[in-house]
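What follows is a short report on a single structure.
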Amino acid sequence: MRTKEKLKQAICKAVDRRRVEIEKIGDQILQNPELGFKEFKTAKLVAETMKSAQVGTTGLQPRSSSSGTPESTGASSSCFQV
């Protein structure tokens, strides 16, 4: 089991390794603004990014509606399931 400090270091290293990708995602979100609580494109982008980065192997499962509406998943917005 990792200590809190080791986990923190591992997360910082992972973020540093993906810095360019994270910045591109931020730029894409800034270039495609959405109204608050209606961030469907942003949620889809984040979910797809997490899936491609295999975040699901950590126990988190990103979820986003395929139709762009929260009603299609029964959720109020895109979220992570543990």
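Tabulated values for the structure
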{"read-out": "Residues (exposed (fewer than 14 other Cβ atoms within 10 Å of the Cβ) and β-branched (Val, Ile, Thr)) located in segment 30-53", "value": "none"}
{"read-out": "Single residue of Val55, Val82 found to be in contact with a Gly (Cβ under 8 Å, 6 or more places away or on another chain) and either among the charged types (D, E, K, R) or at pLDDT below 80 (or both)", "value": "Val82"}
{"read-out": "Qualifying residue in segment 60-78 (condition: modelled with pLDDT of 90 or more and surrounded by 10 or more Cβ atoms within 10 Å (Cβ to Cβ))", "value": "no"}
{"read-out": "Criterion (at pLDDT 90 or above and not in a helix (DSSP H, G or I)) met by exactly one of Lys38, Lys24", "value": "Lys38"}
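The values are calculated or read from the model by the stated rules, or taken from the named source; none is laboratory data. What you see is a predicted model, and the numbers here were worked out from it, not measured in a lab. As a convention, Cβ positions derive from the backbone with ideal geometry for all residues, glycine included, and neighbour counts pool all protein chains shown.
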